[in-house]
Amino acid sequence: ASGKLVSYSIKVDDKPTSFNYYSQLDFLNELRAYIQFAKLIVGFNIKFDYHWVRRYGIQFPDRVRVWDCQIAEFIIRGQQGSYPSLNECLTKYGLGSKDDKIAEYWALGLDTQDIPVEELELYNNLDVELTYQLYLKQQEVMTEAQKKLCLVMGLDLLVLAEMEWNG
């Protein structure tokens, strides 16, 4: 696969979102530390992110649990229809929408590292914050059984990602 990891944002509990850029000295070590000490990793279509960090030698520890908001929404829908987009989920709960400005840069053929850092930071932080808000809404509406199912499906997702990685 082409490309490289240029930036990421992380949110730990209720703390402010933290942005990191590839030119920072501890860029990968900081990401590795966040993942190594995490008990729960929340994301949207998280298998995509898992594959990205795996390319850099970072693996989720066996004890970590994964909450994929896309899978959670699929469960809330009674496992009917296709997997929803992040914007569909955000709209459903009145949480706003993702900023598409970065996608416009990509459509123009710009590499991520050529996009102004300040814009990447706003984009990444908003994406993470909206995903976290979605997670909180899902916690409010899901039954305990649905939450358990989502966590089991998160484990299945990691197994699938590992199978894909190893061919």
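Collect the residues in region 28-38 that are open to solvent by 50 Å² or more (accessible area, probe 1.4 Å) and touching a strand residue (DSSP E or B) at 6+ places or on another chain (Cβ under 7 Å), keeping them in residue-number order.
Glu30, Tyr34, listed by residue number.
Which of (1) in a loop (DSSP other than H, G, I, E, B); (2) aliphatic (A, V, I, L, M); (3) open to solvent by 40 Å² or more (accessible area, probe 1.4 Å) does Ala103 not meet, given it meets every other one?
Every condition holds for Ala103 apart from (1).
Determine which member of the set Glu121, Glu164 is touching a strand residue (DSSP E or B) at 6+ places or on another chain (Cβ under 7 Å), open to solvent by 60 Å² or more (accessible area, probe 1.4 Å) and over 16 Å from Val42 (Cα atoms).
On the way: Glu164 fails: touching a strand residue (DSSP E or B) at 6+ places or on another chain (Cβ under 7 Å).
So the residue among Glu121, Glu164 that is touching a strand residue (DSSP E or B) at 6+ places or on another chain (Cβ under 7 Å), open to solvent by 60 Å² or more (accessible area, probe 1.4 Å) and over 16 Å from Val42 (Cα atoms) is Glu121.
Among the numbered criteria (1) in contact (Cβ under 8 Å) with a residue 24 or more places away in the chain; (2) open to solvent by 60 Å² or more (accessible area, probe 1.4 Å); (3) of a type in the set (Ser, Thr, Tyr), which one does Thr91 miss?
Checking Thr91 against (1) in contact (Cβ under 8 Å) with a residue 24 or more places away in the chain; (2) open to solvent by 60 Å² or more (accessible area, probe 1.4 Å); (3) of a type in the set (Ser, Thr, Tyr), the one that fails is (1).
Going by what's in this entry, would Ala161 be described as assigned to a helix (DSSP H, G or I), among the hydrophobic types (A, V, I, L, M, F, W, C) and in contact (Cβ under 8 Å) with a residue 40 or more places away in the chain?
yes
Specify which of the listed residues (Gln113, Gln139, Gln133) is within 19 Å of Ile41 (Cβ to Cβ) and either β-branched (Val, Ile, Thr) or in contact (Cβ under 8 Å) with a residue 24 or more places away in the chain (or both). Please lay out each step first, then the result.
Working: Gln113 fails: within 19 Å of Ile41 (Cβ to Cβ); Gln139 fails: either β-branched (Val, Ile, Thr) or in contact (Cβ under 8 Å) with a residue 24 or more places away in the chain (or both).
Result: Gln133 is the single residue among Gln113, Gln139, Gln133 that is within 19 Å of Ile41 (Cβ to Cβ) and either β-branched (Val, Ile, Thr) or in contact (Cβ under 8 Å) with a residue 24 or more places away in the chain (or both).
Restricting to strands (runs of 3 or more DSSP E) lying wholly in region 1-80: which have 2 or more residues that are in contact (Cβ under 8 Å) with a residue 40 or more places away in the chain and within 26 Å of Ala145 (Cα to Cα)?
Once the strands (runs of 3 or more DSSP E) in region 1-80 are filtered for at least 2 residues that are in contact (Cβ under 8 Å) with a residue 40 or more places away in the chain and within 26 Å of Ala145 (Cα to Cα), what remains is 40-43, 65-68.
Among the aliphatic types (A, V, I, L, M) and open to solvent by less than 80 Å² (accessible area, probe 1.4 Å): is that true of Leu130 in this structure?
yes
Please verify whether Tyr135 is assigned to a helix (DSSP H, G or I) and either farther than 16 Å from Phe48 by Cβ or out of contact with any strand residue (DSSP E or B) (no Cβ under 9 Å at 6 or more places or on another chain) (or both), treating the condition exactly as stated. Working first, answer last.
Details: assigned to a helix (DSSP H, G or I): yes; either farther than 16 Å from Phe48 by Cβ or out of contact with any strand residue (DSSP E or B) (no Cβ under 9 Å at 6 or more places or on another chain) (or both): yes.
Considered against the rule, which asks whether it is assigned to a helix (DSSP H, G or I) and either farther than 16 Å from Phe48 by Cβ or out of contact with any strand residue (DSSP E or B) (no Cβ under 9 Å at 6 or more places or on another chain) (or both), Tyr135 comes out as yes.
Just the residues that are open to solvent by 70 Å² or more (accessible area, probe 1.4 Å) and over 13 Å from the mean Cα position of the chain (by Cα), please, taken from region 48-88.
If the condition is that a residue be open to solvent by 70 Å² or more (accessible area, probe 1.4 Å) and over 13 Å from the mean Cα position of the chain (by Cα), then Arg55, Gln59, Asp62, Arg63, Arg65, Arg77, Gln79, Gln80, Ser82, Tyr83, Glu88 are the ones that fit.
The values are calculated or read from the model by the stated rules, or taken from the named source; none is laboratory data. In this text, all values refer to a predicted model and were calculated from it rather than measured experimentally. Counting neighbours? That spans all protein chains shown, and the Cβs are built from the backbone with ideal geometry, glycine included. Keep in mind that these areas ignore ligands, DNA and RNA; they rest on the heavy atoms of the full protein, side chains included. Shrake-Rupley method; radii C 1.70, N 1.55, O 1.52, S 1.80 Å.
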